[in-house]
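Undergrad: I have a structure here, written as structure tokens, and I will follow up with some questions on it.
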Amino acid sequence: MFRSLLVSVCLGAALPALAAVPDTAVLDQWIARQVAIRSLSADFTQTRALRVLRNPVAAKGKLWFQAPGDFRWEVGSPPKTIVLRKGDDIRVIEPAKQVVKIEAVELGKREAGLMEFPFVRSRADLEKRFKILDLRTEGVECRVKLEPRDTQGFLTGIALGFDTETGHLRSLEMSFRDGSSLRNEFSNIQVNEKLPAGTFAFDTAGFRVIDAGR
Amino acid sequence: MRAVRIAALVALVGLTALGLSRISFDVDVFKMLPANLRQAEGLSLFLKHFARTDELLVTIEANDAEQATRAADELAAVFACRPELVARVTYRPRWETQPEELSELAAYLLLNAPPEKVRAAAERALPERVAQTLQESLEQLAETVSPVEVVQLSYDPLRFSEALDGLEKTARGAPGEFASEDGRFRVLYLDAAPKLNDYRDTIRWVDEVRAVAEDWNQDQRVTLGITGEPAFMAEISRGMEADMKSSGVVALVIIAAIFWFCYRRFKPLAALVLMLVLIFVLSLAAAGLFLSDLTVMGVGFAAIMIGLSVDYGYLLYQQWVEHGGSTKDLRNRCRPNIFWAALTTAAAFFLLNASSLPGLSQLGNLVGFGVVIGAFVMYFLFAPLVARLKWRPAQPSALAAAFWSSWALQIGAWCTGALVLVLIGGLIAAGGPTIDDSTKALRPRHSPANKALDRLYARLSDQTNLLSVLVTGRDEVQVLERLRKIDGALRETGGPDSLYTSPEPIWPDAARQSRNLETVQPLAGDLARLREAFETAGFSEDAFALTRNAAALWSKWLAEAPPIWPSNPSSEWLLRRVASRGADGWVALGILRPAPDREEALAAFREEGVFVVSWKQLGAELKRTVPREFVWLVGILVAVTLGLLFFGFRKVSDVGLMAGVMALVFLSLAGAMAMLGMEWNFFNMAAILLLLGTGVDYPLHMTLALRGKLGDPREAQITMGRVIFLCAASAAVGFGSISWASNYGLASLGRTCALGLALDALIVIYLQPVLWRFFHGRRTGA
């Protein structure tokens, strides 16, 4: 699930480059522009559809990213879950429970390299891991459908939509093998603006630490 | 009298047939190791309880994950079409295809959880709290970033799994079973369809599985490996059978060729070969009657025994050629030689019983029996044949004549002297051969199954420094008590960075199960209310399945007496890796990865019924115990041999010369080994004992000859030299033929003994007469 957050960040940050280019050339532009992304912040609504639920459930949150590898993803207000990444150090913090869980970054890197930034370094790199099933523009929105080439993984598809004028990501939806899906809708996207000091820190003094790697 | 003889012969034939019918092989390497070693005991227990003799592992390695997965699917389908060969193919977690089976494991684990946590979980399902609990779960499902949590909350929205403390760590420490992380390496587990009654059935089954797999992989699209207990059994037992047959036959053929080279007469050769076959059959029958299954060490006995027993035949024939006479004359002339040689040789081999290595003891007993039987057969059957049928040898060939000429003996003496000096110099320079303290000596020399297993470990789980923790007990309660007792101590001894995956969280706790069953009993009778609460909260029937199934199981288990074990195939698959029940009680298995400097401290961990073991630590334990034991054994054998020689010869100078010759032999052997890069291991150390026992025969024969022909030591050297040459060549061939044995330890023993006997013969034939002349000449001169 965590990998999906980074996909959102990476795709969202890069998508301005896709604006006004209706064919797959937008992908090449987007990939070429990724390295220019230094920082990003956005609000999101996360909607999860599961076989075990009669209706999808949703939660609101906010994310921040700063090159080369700092990341913060928090859900709820006040935040109930915060994911902090600094380089290879990933922590999942639950302030209400006063618990901090140290995640093994390798676990996330294993599948399709989705935790890497830039998300892809070239068109060839993207196509090595995904098949582009569809790319179409309707009005100001461009929709892209990707399918992982690893047919054995849990992820079975990615659908993203972005504004062709602003380049902002509007939505990102991931489909999974068990029939569930996770959709994120983004708003208030700020690119390459200075982020407040301490954005990627959280005081966990007194919290119970669970090291998932051990 | 005639009737008695016929009756004795019939009895002998009957006993022989019975003995031969009882011969069987034991491929368990631990049968070759001391039973009192903690590591050997623990590892033996591990193999007995956790290595399945009817499960074969087929490994697939491909260039990419997709190809490996496709190959696994295809090959599994191929085996699924062979129900007469494979009862079940498992190549992905069963719960992937049968997720409903996990309900049983979940229900069981909850029953085993701390009662206060189960009570807290049950309270969340009470009528006044269930709506709030489900609403919280919905919110968590919306917010969580953890895929594990999504799955847990999806199928357990009442959050019973929160009671399963410590289980996550147990799951995390478990090695992968079906695929490597990169997906390029896959494993298929095949259950045997036919019943595998003995090693022959196992060989047949493994061969058929291999043929099916290789037929499917004709185009070499992937790399296949076959391993697992049946593969090892098939490999080792096939090797043992071949070793025994081939080494015995090879030894027999070469010995016959040596005899032909020396005497060039077919009839005595045929008679000698017949005697050797008879000795072999009688010895094998004795082994079948008196000993348990043959180990991989024991199978080497045939070649060694043939190589040693033929000595008595050579001696008898050569003595008859030299002196002629009746059977009685021949027996009288050879009796001391045969008696003392058989006595010292058999003593040396029987002394191997004092070793704590059962494999060596068995080899010693087999060869000891064989040598004694050989002496009797040659003395009572071959001697009259030789004396009555008067088979004269052909005139020696020019080559043979030149071989024993004066100048050849002189050149031989100089060359042997130079060789001894070079070898002793080499020994001083190289510092002696090193000791290989690994457990390599226990393994087959060429083992595709071992290679496949190494690859499997390398790709699926890092076994470096990994220790197995085996906790035994007469029942589940005692095992659990011990698991809890050692937990803290093991973690502390393992160091702060150690990782101990204990089976304790999933081991049945009868007391907890009773209390938890009481706690969850009301829920089992309240399913309609709970289903309605799920529906109202927005959960589907899928989300309720686990709760429903678990409640049904709890109701069922209420009628059973704890401790309760789960029993469906998915639970069985998981639990068989950590729990086993046998006639000797229960065994639980944990895995411990200690801090690098704590491995030995853990191996020395002592607690009743607990074994912390690894192959590496077994090697260390053998290194601590076996060499020390051999020093004692060698000391005893030296004392016994010297005592026997003093008793027989009653002359200090003769015994001193023989001891000196043997000292030269051992120094030269050590030098040769050091120069050839040969190492001592736990099995070829026995070569010291065997060389003392068999090698002392040659100086003994030579001394007797020199004593008998004081007037002409050169004639004694030629006469006895021929016999010793034949004996040594035959014995070296006997030992040498097991140099290619499938077992590394047996092969190294064969090589070391063959080399030692060759050096022994050279020194005795060429140097001992020179030394004899030197000492007796000086004494005469003085």
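The values are calculated or read from the model by the stated rules, or taken from the named source; none is laboratory data. Source: prediction; values computed, not measured. Because the Cβ atoms are built from the backbone with ideal geometry, glycine has one as well, and the counts that use them run over all protein chains shown.
Undergrad: Run B:L574 past the list (1) at pLDDT below 85; (2) touching an Asp or Glu at 6+ places or on another chain (Cβ under 9 Å); (3) surrounded by 19 or more Cβ atoms within 10 Å (Cβ to Cβ) and report the number of the one that doesn't hold.
TA: (2)
Undergrad: Return a yes/no flag: does the range B:186-209 have any residue that is farther than 25 Å from B:L746 by Cα and within 14 Å of chain A (Cβ to nearest Cβ).
TA: yes
Undergrad: Report whether or not A:L63 is modelled with pLDDT of 80 or more, facing chain B (nearest Cβ under 10 Å) and crowded, with 17+ Cβ neighbours inside 10 Å. Spell out how you get there, then give the answer.
TA: Details: modelled with pLDDT of 80 or more: yes; facing chain B (nearest Cβ under 10 Å): no; crowded, with 17+ Cβ neighbours inside 10 Å: yes.
No, not satisfied.
Undergrad: Given the condition at pLDDT 80 or above, under 25 Å from B:L409 (Cα atoms) and part of a helix (DSSP H, G or I), answer yes or no: does some residue in the range B:678-690 qualify?
TA: Within the range B:678-690 (the criterion being at pLDDT 80 or above, under 25 Å from B:L409 (Cα atoms) and part of a helix (DSSP H, G or I)), the answer is no, since none of the residues qualifies.
Undergrad: For the range A:172-191, state whether one or more residues are closer than 28 Å to A:S39 by Cα, assigned to a loop (DSSP other than H, G, I, E, B) and at pLDDT below 90.
TA: Step one: of the range A:172-191, the residues closer than 28 Å to A:S39 by Cα are A:172-175, A:181-191.
Still in the running and assigned to a loop (DSSP other than H, G, I, E, B): none.
Within the range A:172-191, not a single residue is closer than 28 Å to A:S39 by Cα, assigned to a loop (DSSP other than H, G, I, E, B) and at pLDDT below 90.
Undergrad: Does the range B:79-90 hold any residues that are more than 30 Å from B:S154 (Cβ to Cβ) and crowded, with 16+ Cβ neighbours inside 10 Å, and which are they? Step through it out loud before you land on a result.
TA: Initial filter on the range B:79-90 (more than 30 Å from B:S154 (Cβ to Cβ)): B:79-87.
Answer for the range B:79-90, where residues must be more than 30 Å from B:S154 (Cβ to Cβ) and crowded, with 16+ Cβ neighbours inside 10 Å: B:F79, B:L85, B:V86.
Undergrad: Of all residues in the range B:58-92 being polar (S, T, N, Q) and in contact with a helix residue (DSSP H, G or I) (Cβ under 8 Å, 6 or more places away or on another chain), which is nearest to B:I226 (Cα to Cα)?
TA: At the first step, the residues of the range B:58-92 found to be polar (S, T, N, Q) are B:59, B:63, B:67, B:69, B:90.
After this cut, where a residue has to be in contact with a helix residue (DSSP H, G or I) (Cβ under 8 Å, 6 or more places away or on another chain) as well, the list is B:59, B:90.
On the way: B:T59: 6, B:T90: 15 Å.
Selected residue: B:T59.
Undergrad: Of the conditions (1) farther than 25 Å from A:V191 by Cβ; (2) within 12 Å of chain B (Cβ to nearest Cβ); (3) at pLDDT 85 or above, A:E111 fails just one. Which one is it?
TA: (3)
Undergrad: Can I ask one more? Please work out which residue is surrounded by the most Cβ atoms within 10 Å (Cβ to Cβ), limiting yourself to the range B:91-140 and to residues that are over 56 Å from the mean Cα position of the chain (by Cα) and within 14 Å of chain A (Cβ to nearest Cβ).
TA: Going through the qualifying residues, I end up with B:L134.
Undergrad: Are any residues in the range B:141-161 more than 7 Å from chain A (Cβ to nearest Cβ), within 50 Å of the chain's Cα centre (by Cα) and not in a helix (DSSP H, G or I), and if so, which ones? Full working, then the answer.
TA: Residues of the range B:141-161 that are more than 7 Å from chain A (Cβ to nearest Cβ), as a first pass: B:148-149, B:151-153, B:156-161.
Then keep just the ones that are within 50 Å of the chain's Cα centre (by Cα); that gives B:148-149, B:151-153, B:156, B:159-161.
Passing the criteria: B:D156, B:R159.
Undergrad: Sticking with this structure for a sec: Where residues in the range A:192-214 are assigned to a loop (DSSP other than H, G, I, E, B) and acidic (D, E), which of them is nearest to the other protein chains (Cβ to nearest Cβ)? It would help to see each step written out before you state the result.
TA: Of all residues in the range A:192-214, those assigned to a loop (DSSP other than H, G, I, E, B) come to A:192-207, A:212-214.
Still in the list and also acidic (D, E): A:193, A:203.
On the way: A:E193: 25, A:D203: 20 Å.
Step by step, filter the range A:192-214, then rank; the result is A:D203.
Undergrad: Working carefully through the options B:L642, B:L602, find the one that is surrounded by 22 or more Cβ atoms within 10 Å (Cβ to Cβ) and in a helix (DSSP H, G or I). Outline the logic, then answer.
TA: Details: B:L642 fails: surrounded by 22 or more Cβ atoms within 10 Å (Cβ to Cβ).
Checking each option against the conditions leaves just B:L602.
Undergrad: In addition: Give the residues of the range A:74-84 that are touching a residue at least 40 places away in the same chain (Cβ under 8 Å) and more than 7 Å from chain B (Cβ to nearest Cβ), sorted by residue number. First the steps, then the outcome.
TA: As a first pass, look at the range A:74-84 and keep what is touching a residue at least 40 places away in the same chain (Cβ under 8 Å): A:82-84.
Within the range A:74-84, A:I82, A:L84 meet the criteria.
Undergrad: For residues that are at pLDDT below 85 and polar (S, T, N, Q), scanning just the range B:175-207, find the one that is nearest to B:T69 (Cα to Cα).
TA: B:S180
Undergrad: For the range B:707-722, how many residues are among the hydrophobic types (A, V, I, L, M, F, W, C) and buried (at least 24 other Cβ atoms within 10 Å of the Cβ)? Working first, answer last.
TA: Taking the range B:707-722 and keeping what is among the hydrophobic types (A, V, I, L, M, F, W, C), we get B:710, B:716, B:718, B:720.
Adding the requirement that they be buried (at least 24 other Cβ atoms within 10 Å of the Cβ) leaves B:720.
Here the count works out to 1.
Undergrad: Another one. Kindly establish whether A:E185 is more than 11 Å from every other protein chain (Cβ to nearest Cβ), free of Cβ contacts under 8 Å to residues at least 24 places away in the same chain and acidic (D, E).
TA: Details: more than 11 Å from every other protein chain (Cβ to nearest Cβ): yes; free of Cβ contacts under 8 Å to residues at least 24 places away in the same chain: no; acidic (D, E): yes.
So A:E185 fails the test.
Undergrad: Identify all residues within the range B:708-724 that are under 16 Å from B:S309 (Cα atoms) and in contact (Cβ under 8 Å) with a residue 60 or more places away in the chain; write none if there are none.
TA: If the condition is that a residue be under 16 Å from B:S309 (Cα atoms) and in contact (Cβ under 8 Å) with a residue 60 or more places away in the chain, then B:V723 is the only one that fits.
Undergrad: When you go through (1) under 29 Å from A:T151 (Cα atoms); (2) touching a Gly at 6+ places or on another chain (Cβ under 8 Å) one by one for B:E55, which number turns out not to apply?
TA: (1)
Undergrad: Taking B:R606 as the residue in question, decide whether it is closer than 25 Å to B:S356 by Cα and basic (K, R). Please lay out each step first, then the result.
TA: Values: closer than 25 Å to B:S356 by Cα: yes; basic (K, R): yes.
Criteria met by B:R606.
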